[in-house]
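Inspection log for the structure reproduced underneath, given as structure tokens.
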Amino acid sequence: MTYRVLVRVMPRTGLLDPQGQAVESALRVLGFSEASQVHVGKSITLDIQASSKDQAESRARQMCDKLLANPVTEDFLIEVEEA
């Protein structure tokens, strides 16, 4: 089965994120004061062949651990759905 995987790579919580801070300030100026903890990052979408959703997520996590995330400054979230 094919699963669509979305990986969001962003700065770890608590680290300086100047772009996120700028977006959060702009939202407040525009009247959206309820927004907080804004993080700006990058995203990657890919399809993975796997026998289950859990297996697709596990493989995506392995890929991210080896290729994408700098464990000191970056973290990632993975979302999986049937393609």
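The values are calculated or read from the model by the stated rules, or taken from the named source; none is laboratory data. Note that the structure is a prediction, hence the values are computed from the model and not measured. So basically every Cβ, Gly included, is an ideal-geometry build from the backbone, and we count neighbours across all protein chains shown. When the accessible area is computed, the model is the full protein with side chains, heavy atoms only, and any ligands, DNA or RNA have been set aside. Shrake-Rupley method; radii C 1.70, N 1.55, O 1.52, S 1.80 Å.
Quick check: residue separation of ARG8 and GLN55 times 0.36 nm, minus the Cα distance between them. What number comes out in nm?
15.1 nm is the gain from fully extending ARG8 to GLN55.
Just to confirm a number: summing +1 for Lys and Arg and -1 for Asp and Glu over residues other than ARG12 whose beta-carbon lies under 10 angstrom from that of ARG12, what do you get?
Here the count lands on -3.
With a 1.4 Å probe and all protein chains left in place, how much accessible area per residue does the chain have, in Å²?
Each residue of the chain exposes 70 Å² on average to a 1.4 Å probe.
Below 8 Å, C-alpha to C-alpha, sequence gap of six or more: please give me the relative contact order for the chain in percent.
This gives 52 percent for the chain.
Among GLY20, GLY41, GLY31, which one moves the most in a GNM of the chain with springs linking Cα atoms closer than 10 Å?
In this elastic network of the chain, the residue with the biggest mean-square fluctuation among GLY20, GLY41, GLY31 is GLY31.
Suppose R0 equals 22 Å; then what is the FRET efficiency for LEU77 and VAL29 from their Cβ-Cβ distance, rounded to the nearest 0.05?
Efficiency at R0 = 22 Å is approximately 0.20.
When the convex hull of the Cα atoms of the chain is projected onto a plane and the area is averaged over all directions, what value comes out in nm²?
Its average projected convex-hull area is 6.3 nm².
If I compute solvent accessible area with a 1.4 Å probe over the protein chains, what percent of it on segment 30-83 is carbon and sulfur?
That fraction is 50 percent.
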